[in-house]
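Single-structure report; data block below.
None of the figures in this text is laboratory data; all of them are computed from the coordinates on show. Just so it is clear, the structure is predicted and the values come from calculations on it, not from any experiment. Glycine gets a Cβ as well: all are built from the backbone with ideal geometry, and neighbour counts include every protein chain shown.
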Amino acid sequence: MVRMVELKGISIKVLMKKVFIVLLAMGVMLSNLINVKFAFAKSCDQYIREYYNCINTKDYSGLYNLFCQSYYEETNCIYENLENRKNHVGIFDIKSAKVKSICRESDTKKFELDTYESRVTSIYKVTVEMKVYTGKDCFVAGDNVCYFLFDSSNKIVGCWNFEEDDSKEASAIATVSYDTPVANVNKNPDTIRVYYNNQIHKVDFNKYVKVVERCEVGYSSWNFEALKACAVAIKNYGIVRVKKHKYAGQGYDVKATEADQVYNTKKENIPICNDAVDAVWNVIWLDSKDRVFPGFHVHSKSYNSYAVKNGGVLSQTGAQKLAKENGYDWVKILRYYYDRKKGVAYYNSEVAVGTTTFINIFK
């Protein structure tokens with residue numbers, strides 16, 4: 001009977017003891033993994049501090065360990081660009097950074113997350129005291145307010161830097177939105193930085209608007225007034241993107257895709273589109289508080305429900321119809337879509353209620 005309860009000389013009693021030890025060890029390992037997981041889930045603030053530690057030590061490659069895959073793919077060419085470092089573009093303009101406070105945002109609805117879709121699960125507001133080399137790009141000497149966006153794995157999805165708005169009339173969202181209208185603009189930008197074909201291109205602003213006009217609209221047969229209205233919307237959008245950093249710290253103002261405005265230099269030249277841009281080049285469109293607002297526009301109202309009268313989004317085909325069938329000029333077309341009325345749903349809640357207007361800048 002003894003031999004029947006032995007396996008290769010090991011008794012069941014000894015075997016059970018070994019199994020118990022193995023199971024106990026596995027339980028400890030599993031417990032440690034669970035603890036690590038929970039610790040990882042609470043480490044967003046640690047990621048933020050590590051982010052600024054990498055900047056302080058100039059270990060920019062260390063940032064990639066903090067980024068999600070898509071953000072890494074989007075930014076690695078920027079951080080590895082020696083010209084960006086030489087010219088102090090984006091985070092390369094930071095001499096040193098000291099984190100003063102970190103606070104998780106409880107209400108993410110006030111943030112415009114269209115570019116980030118459903119990836120964002122938490123957002124942290126960070127106040128950082130900085131010393132900078134030039135202060136000409138995204139950051140300033142002194143306190144900067146930055147927002148870090150995290151996914152479910154606590155990887156960084158995006159990082160925004162915004163100027164605080166001191167206006168008592170400004171809504172709370174004004175401190176966090178890159179669509180906030182901009183005051184005191186009296187000239188067109190000279191250039192705009194476009195993320196195109198995985199590279200950053202510093203593009204003449206006039207050229208940018210003309211290329212976008214033919215890519216976004218691109219019909220030589222369209223009414224000239226409709227094309228002018230589209231050109232103003234495109235130009236206004238570009239101005240705000242230069243002034244407000246949607247992609248703070250990444251070295252560019254706009255993407256060459258529908259995330260912003262389509263920009264493709266291979267698109268065939270369309271003379272009437274160029275003429276439309278030149279015809280309104282001296283014009284900057286303003287809301288009722290004299291601020292430049294981004295000219296959101298889509299192909300038709302089927303792409304966006306706000307592309308209707310007083311909805312805040314211009315319908316390109318709708319502009320063509322208003323010009324061709326109703327005889328609207330470009331000013332009337334723009335006011336049809338962008339004038340904000342009380343009680344009417346409007347796409348950009350930060351545009352002031354009232355009649356829009358324009359200034360001639362002669363430059």
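Given labels modelled 7 Å from the Cα in the Cβ direction, how far is it in nm from LYS332 to ALA345?
Placing both labels 7 Å beyond Cα along the Cβ direction yields 2.8 nm.
Give, in nm to one decimal, the length gained when the segment between SER152 and GLU80 is fully stretched (0.36 nm per residue of separation minus the Cα-Cα distance).
Full extension from SER152 to GLU80 adds 23.2 nm.
In what sequence do HIS297, HIS88 fall when counting other Cβ within 10 Å, fewest first?
HIS88, HIS297
Under 5 Å between amide H atoms, partner at least 5 residues away or on a different chain: which partners does ARG340 have, H built in plane at 1.01 Å?
Result for ARG340 returns GLY354, THR356.
Treat each spin label as a single point 7 Å out from the Cα along the C-beta direction, and report the ASN264 to ASP143 distance in nm.
Between ASN264 and ASP143, the label points sit 4.6 nm apart.
Under the Karplus relation 6.51 cos²θ - 1.76 cosθ + 1.60, θ = phi - 60°, what is the ordered set of whole-Hz ³J(HN,Hα) values for segment 203-209, x standing for Gly and Pro?
For segment 203-209, the Karplus curve yields 10, 4, 5, 4, 4, 4, 4 Hz.
Working out 0.36 nm times the residue gap between SER300 and SER61, then minus their Cα-Cα distance, what length gain in nm do you get to one decimal?
On the way: separation 239, 0.36 × 239 = 86.04 nm, distance 4.29 nm.
Length gained between SER300 and SER61: 81.7 nm.
Give me the distance in nm between label points sitting 7 Å out from Cα along the Cα-to-Cβ direction at LYS100 and LYS131, one decimal.
1.7 nm
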